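To keep things clear, I will list the structure first and then write my remarks on it.
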There are 2 protein chains.
Amino acid sequence: MTQSTELPPALPEGGLRVVALGGIGEIGRNMTVFEHAGRLLVVDCGVLFPEDDQPGVDLILPDFRAIEDRLDDIEAIVLTHGHEDHIGAVPFLLKLRPDVQVVGSRFTLALLAAKCREHRQTPRLVEVKEGERRSYGPFELEFFAVNHSIPDALAVAIRTAAGLVLHTGDIKLDQLPLDGRLTDLAGFSRLGDEGVDLFLVDSTNAEVPGFVVPEREIGPVLENVIRKADQRVIVACFASHVHRVQQVLDVAVQYKRKIAFVGRSMVRNMGIASDLGFLNVPDGLFVDLDVAMRMEEDEVIFVSTGSQGEPLSALSRMARGDHRQISIREGDTVILASSLIPGNENAVFNVVNGLAKLGATVVHQGNAKVHVSGHSPAGELLFLYNAVRPSNVMPVHGEWRHLRANAALAVATGVAEDHVVIAEDGVVVDLIDGKAAVSGRVVVGHVYVDGLSVGDVGESTLSDRLVLGEGGFISISVAIDQTTGRAVTAPTISGRGFSDDPKALEAVVPLVEMELARTEAEGIADTHRVAQAVRRVVGRWVAETYRRRPMIVPTVIPV
Amino acid sequence: MTQSTELPPALPEGGLRVVALGGIGEIGRNMTVFEHAGRLLVVDCGVLFPEDDQPGVDLILPDFRAIEDRLDDIEAIVLTHGHEDHIGAVPFLLKLRPDVQVVGSRFTLALLAAKCREHRQTPRLVEVKEGERRSYGPFELEFFAVNHSIPDALAVAIRTAAGLVLHTGDIKLDQLPLDGRLTDLAGFSRLGDEGVDLFLVDSTNAEVPGFVVPEREIGPVLENVIRKADQRVIVACFASHVHRVQQVLDVAVQYKRKIAFVGRSMVRNMGIASDLGFLNVPDGLFVDLDVAMRMEEDEVIFVSTGSQGEPLSALSRMARGDHRQISIREGDTVILASSLIPGNENAVFNVVNGLAKLGATVVHQGNAKVHVSGHSPAGELLFLYNAVRPSNVMPVHGEWRHLRANAALAVATGVAEDHVVIAEDGVVVDLIDGKAAVSGRVVVGHVYVDGLSVGDVGESTLSDRLVLGEGGFISISVAIDQTTGRAVTAPTISGRGFSDDPKALEAVVPLVEMELARTEAEGIADTHRVAQAVRRVVGRWVAETYRRRPMIVPTVIPV
């Protein structure tokens, strides 16, 4: 059902079109575009973090090409919550259309505003709350409270003449949320009574059976660890996980410790959370890092970034013993109160091992219950399907394994199999006469941000980086007489990333010289042909001698 | 206690020296050297697989430097079991000392012999069984049955005048092992009665609470999945996990399917296991892949390598849709009956997603109980400590987090804290008068195998590869008159792994030309100084323009 490679036909009048420019078939860079009556609505606009086969890339953006000719048709960007994979690409879209309205909850918009300030942008922000309704062109929106691993998350219902759509955003069903703000299952049930034509559902944990343990069960685990600590305590977690940090704050109060934040994003976000009342902070609890460093070791808790093993983070520096201020001592306690995002295992365990080697007691989700997920597993997803009773389902926010598992759950609750549409990025789904179906496909590629540029690093550059990263390169430079083809210098041959042995390439020099003599004898003066000949000789030699495949880079200079 | 950087003093007469040349502070390349009365005994000699910061490396060997002057003192190499991280480096040690005796169990030696044949080596093999005793010089060895994720594993006790040492090898305490061969706790208890002076203990799962579920509980899970399959079934697991494969065979018999092995190491190892009687195979159960491809889809089970997402493996090819023979269809079933080794998550999930996208039902340890570990978790380690009641403990086979956790378990059972020695690779531990203590340190570095060479790729090459892999390079080639310093050609500037944009480097050309004019004007004709000047100009430009850090490679050719 997803095999279409055709551009979709024009959307029939009265229909609703849905296409993800990111976020389906991957976890990250969520961006879904809804089209109705010639107008567009964007839900979320996030970034994806690169994998091993995308070296040197800083961020991956949704692919805006499908809408770049229709930017003026966008009525609004709706943000479900403030995580990077939902808001991180907004500044890049604002560069194309600075005046578009950005709609979201208070905390979400505060995080976005901070991000936009770094990009020197002042977006048009429209704050909404759960329970509110707003219309943007032909799209009537209604917002619902949703529980997730960040405060103030929203689901959004979209009413058009084509029918009623509900998008969960990122969601879980913690029945004892720390802030008392439950996912609005009752509201979802009301929508279900009204009749939901298309339900877009978070797939992240669809493979995981059961239910998420309430966030508040983490508090006592933290308390138990911190109670026993008589030295320094460092807690690392996501810089946006306000409720996790709140529980650390509560334990700090209980054991008369102060709190010092470490890491730029932690300081910034907790400042925002505290200013807006999302973090409950007794007067005088926070101390600056400098002050904390002068306090007794059992009088302070450091709350730090770096829970994913990011090499430049404060925690990684501590683990390597090169943090400017905090040096870990035998008997210190470090708690990684965070998930382990797949792909980060080595980095995180390097940090854990570094801390363990320095003598710290390291508590992490592998040896204590210091983390719960922010996404509904299978058991909770069944509750959602049964509350909403949708006619059509579109799993979102997941890799293929998650999408398939989520689709199976929808079918298990009674959604007809041919009304469950797995539509990866770029697959166009049209809702027409109450039936959702794939109508075509638009091109959605990876858009890489590397340093200051967007888009100039592409697959060819990445493929070169992979070759260079595996085997380095061997360069051969020679100047030739451009009329006779005679080498007027000895060839300069050197390698980088090839061998530590300074003599590693000695044996190929005479082979290159012989080849240059041959090309001259054959009267070859074309620099390109000489370069090719040299590349062939060196490539064959290195494959036979070393069984390696470095990049071979001949430069033939005509003089 | 591990901070010593001094070479150890000469070993006092009657003492026993222990030093790991690999395997402590990491999981892999296990190799422990025991010294007594001027003679050496080596236990295990394995390889380590590289991590992300060791790109292009095929294998990492133990560092033989500490014994390279004493090769003739080696009495024997004892192998505890046949996993690569215990036997993989034997051929490299045999190159240095081809006539050394290699002692191990039947299955272990069969796997080693197959490996040595690939290296065109015919080692001196000495087969031993549990319960046997052998003497090699001053080392009296006694072997004990051990249960692990490969058949025929052994623990080894080493008696010398210095005392009694017990090395577990890799161990777990499955109380219902598939082959009925229990870890010999009774034997360990007898040693404990005699008095174990030093106990070297597998730390892999020391952080994990509890006990490993018996291997045989996996059979019914496999049966349940395969029973429901009406199409093709593919089971991927480690090529040495004979008992896991046995359970697949048993289910195949039950459901009248044949078995076809896929992947070179699977075919080889299961041939060995079957020939030696470690795999129980009814006549006619095995079919060749070609035959299997002509059978009905519900008449065969494919047992394949590739459970760790290795990109060249059969399973990865199937997931990408480019396997020469097997193409996955909607409704096929794939079971990954294997662990997920940290660091392989992305690779494995890429395979799972590829298979899911093609429509296969993918069963893996994340959604079903299709794998159990081969290493004792904390609960089982306590049994071991209480059986052995050692005077001194040395945690082995683990990263720092595992070593620390294992040390804590030893202390919890009553071993005196100052008798537990965490000695990472190279740390020398002497057992003298019944007390084990660190006496110094020898250099143990990483020895990299890349293609056909050992050791020529070192940290400098790897650091270049990391730079090249992240940012590619920009090369600038120019020929200058070696007396005047005048550029006799226009500079050739090109990048690889830098940008897909052919014009990306255009703007730097005039800057380089200006710099060359400047060096000429200053009379600089030294190619090295000209190259440095060019590197500085290009490096500054690229940092400011792109905020990237490619390698800058100037080549200045004197003519």
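The values are calculated or read from the model by the stated rules, or taken from the named source; none is laboratory data. Note that the coordinates shown come from a computational prediction; the quantities given were computed from them, not determined experimentally. Please note: Cβ atoms are built from the backbone with ideal geometry, for glycine as well, and neighbour counts cover all protein chains shown. Remember, those area values only see protein heavy atoms, side chains included, never the ligands or the DNA or RNA. Shrake-Rupley method; radii C 1.70, N 1.55, O 1.52, S 1.80 Å.
Does at least one position in region B:283-303 carry a residue that is within 14 Å of another protein chain (Cβ to nearest Cβ) and in contact with a helix residue (DSSP H, G or I) (Cβ under 7 Å, 6 or more places away or on another chain)?
Going through region B:283-303, the residues within 14 Å of another protein chain (Cβ to nearest Cβ) turn out to be none.
No, region B:283-303 contains no residue that is within 14 Å of another protein chain (Cβ to nearest Cβ) and in contact with a helix residue (DSSP H, G or I) (Cβ under 7 Å, 6 or more places away or on another chain).
Give me the residue from region B:505-534 that is within 27 Å of residue B:469 (Cα to Cα), without any contact (Cβ under 8 Å) to a residue 40 or more places away in the chain and buried (at least 17 other Cβ atoms within 10 Å of the Cβ) and, out of that set, farthest from the other protein chains (Cβ to nearest Cβ).
The extreme case among them is B:533.
Read through the list (1) surrounded by 20 or more Cβ atoms within 10 Å (Cβ to Cβ); (2) closer than 30 Å to residue B:252 by Cα, then give the number of the only condition that residue B:224 fails.
It fails just one condition, (1).
Of everything in region B:311-327 that's open to solvent by 20 Å² or more (accessible area, probe 1.4 Å) and of a type outside the set (D, E, K, R), which residue is farthest from the other protein chains (Cβ to nearest Cβ)?
B:325
Of all residues being of a type in the set (Asp, Glu) and closer than 18 Å to residue A:252 by Cα in region A:270-289, which is surrounded by the fewest Cβ atoms within 10 Å (Cβ to Cβ)? Just the residue, please.
Here the answer is A:283.
For region B:290-333, what are the residues that are outside any helix (DSSP H, G or I), over 20 Å from the mean Cα position of the chain (by Cα), acidic (Asp, Glu) and farther than 18 Å from residue B:221 by Cα?
B:296, B:322, B:330
For residue B:549, are the conditions met, namely being in a loop (DSSP other than H, G, I, E, B) and either on the phi < 0 side of the Ramachandran plot or away from chain A (no Cβ under 14 Å) (or both)?
yes
Please determine whether any residue of region A:370-378 is among the small types (Gly, Ala, Ser) and within 9 Å of chain B (Cβ to nearest Cβ).
no
Only strands (runs of 3 or more DSSP E) wholly contained in region A:385-486 count here; list those with 3 or more residues that are outside the structural domain of residue A:64 (by TED's automatic domain parsing) and on the phi > 0 side of the Ramachandran plot. Explain how you work it out, then say what you get.
Numbers: elements: A:392-396, A:427-432, A:435-441, A:447-450, A:473-480.
Result: empty, no element qualifies.
Right, residue A:238: in contact with a Leu (Cβ under 8 Å, 6 or more places away or on another chain), open to solvent by 10 Å² or more (accessible area, probe 1.4 Å) and assigned by TED's automatic domain parsing to the domain that holds residue A:319 or not?
No, not satisfied.
Filter region A:487-498 down to residues that are under 16 Å from residue B:554 (Cβ atoms) and not in a loop (DSSP other than H, G, I, E, B) and give me whichever is farthest from the other protein chains (Cβ to nearest Cβ).
Of everything passing the filter in region A:487-498, A:493 is farthest from the other protein chains (Cβ to nearest Cβ).
Can you go through A:439, A:494, A:460, A:477 and tell me which one is touching a Pro at 6+ places or on another chain (Cβ under 9 Å), open to solvent by 20 Å² or more (accessible area, probe 1.4 Å) and hydroxyl-bearing (Ser, Thr, Tyr)?
The match here is A:439.
Can you name every residue in region A:200-245 that is among the hydrophobic types (A, V, I, L, M, F, W, C) and under 30 Å from residue A:393 (Cβ atoms)?
The answer is A:200, A:201, A:206, A:208, A:211, A:212, A:213, A:238.
Which numbered condition trips up residue A:451, out of (1) more than 7 Å from chain B (Cβ to nearest Cβ); (2) open to solvent by 10 Å² or more (accessible area, probe 1.4 Å); (3) in contact with a Lys or Arg (Cβ under 8 Å, 6 or more places away or on another chain)?
It is condition (1) that residue A:451 fails.
Does residue A:196 qualify as being in contact with a Cys (Cβ under 9 Å, 6 or more places away or on another chain), open to solvent by less than 30 Å² (accessible area, probe 1.4 Å) and β-branched (Val, Ile, Thr)?
So residue A:196 fails the test.
Go through region B:178-191 and report how many residues are open to solvent by 10 Å² or more (accessible area, probe 1.4 Å) and touching a residue at least 60 places away in the same chain (Cβ under 8 Å). Walk me through how you get there before you give the answer.
Residues of region B:178-191 open to solvent by 10 Å² or more (accessible area, probe 1.4 Å): B:178-186, B:189-190.
Filter once more, so that each one left must be touching a residue at least 60 places away in the same chain (Cβ under 8 Å): B:178-179, B:185, B:189.
So the count comes out to 4.
Look through B:137, B:131 and report the one residue that is over 22 Å from residue B:35 (Cβ atoms), in contact with a helix residue (DSSP H, G or I) (Cβ under 9 Å, 6 or more places away or on another chain) and surrounded by fewer than 19 Cβ atoms within 10 Å (Cβ to Cβ).
Within the list B:137, B:131, the selection yields B:131.
Here's the yes/no breakdown for (1) buried (at least 19 other Cβ atoms within 10 Å of the Cβ); (2) more than 24 Å from the chain's Cα centre (by Cα); (3) over 30 Å from residue B:345 (Cβ atoms):
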site	(1), (2), (3)
B:6	no, yes, yes
B:9	no, yes, yes
B:23	yes, no, no
B:39	no, yes, yes
B:58	no, no, no
B:96	no, no, yes
B:101	no, no, yes
B:111	yes, no, no
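Of all residues in region A:251-269, count the ones that are open to solvent by 40 Å² or more (accessible area, probe 1.4 Å) and in contact (Cβ under 8 Å) with a residue 24 or more places away in the chain.
Residues in region A:251-269 being open to solvent by 40 Å² or more (accessible area, probe 1.4 Å) and in contact (Cβ under 8 Å) with a residue 24 or more places away in the chain: 8 in total.
Hey, can you tell me all the residues within region A:1-60 that are modelled with pLDDT under 95, of a type in the set (D, E, K, R) and under 18 Å from residue A:400 (Cβ atoms)?
A:51, A:53
Would you point out which residue out of A:407, A:412 is closer than 23 Å to residue A:205 by Cβ and either of a type in the set (Phe, Trp, Tyr) or free of Cβ contacts under 8 Å to residues at least 24 places away in the same chain (or both)?
Exactly one residue qualifies, and that residue is A:407.
Does residue A:125 qualify as being surrounded by 20 or more Cβ atoms within 10 Å (Cβ to Cβ), in contact (Cβ under 8 Å) with a residue 12 or more places away in the chain and part of a strand (DSSP E or B)?
The answer is no for residue A:125.
Look at region B:65-78 and say how many of its residues are touching a residue at least 60 places away in the same chain (Cβ under 8 Å) and either of a type in the set (Val, Ile, Thr) or buried (at least 24 other Cβ atoms within 10 Å of the Cβ) (or both).
Of the residues in region B:65-78, 1 are touching a residue at least 60 places away in the same chain (Cβ under 8 Å) and either of a type in the set (Val, Ile, Thr) or buried (at least 24 other Cβ atoms within 10 Å of the Cβ) (or both).
Just for region A:334-351: of the residues that are facing another protein chain (nearest Cβ under 8 Å) and not in a helix (DSSP H, G or I), which one is surrounded by the fewest Cβ atoms within 10 Å (Cβ to Cβ)?
The extreme case among them is A:342.
Only strands (runs of 3 or more DSSP E) wholly contained in region B:1-89 count here; list those with 1 or more residues that are more than 14 Å from chain A (Cβ to nearest Cβ) and over 27 Å from residue A:472 (Cβ atoms).
Values: elements: B:16-22, B:31-36, B:39-43, B:59-61, B:74-78.
Those strands (runs of 3 or more DSSP E) span B:16-22, B:31-36, B:39-43, B:74-78.
So which residues in region B:454-486 are more than 29 Å from the chain's Cα centre (by Cα) and either of a type in the set (Ser, Thr, Tyr) or more than 9 Å from every other protein chain (Cβ to nearest Cβ) (or both), if there are any at all?
Hits for region B:454-486 are B:474, B:475, B:476, B:477, B:480, B:481, B:482, B:483, B:484, B:485, B:486.
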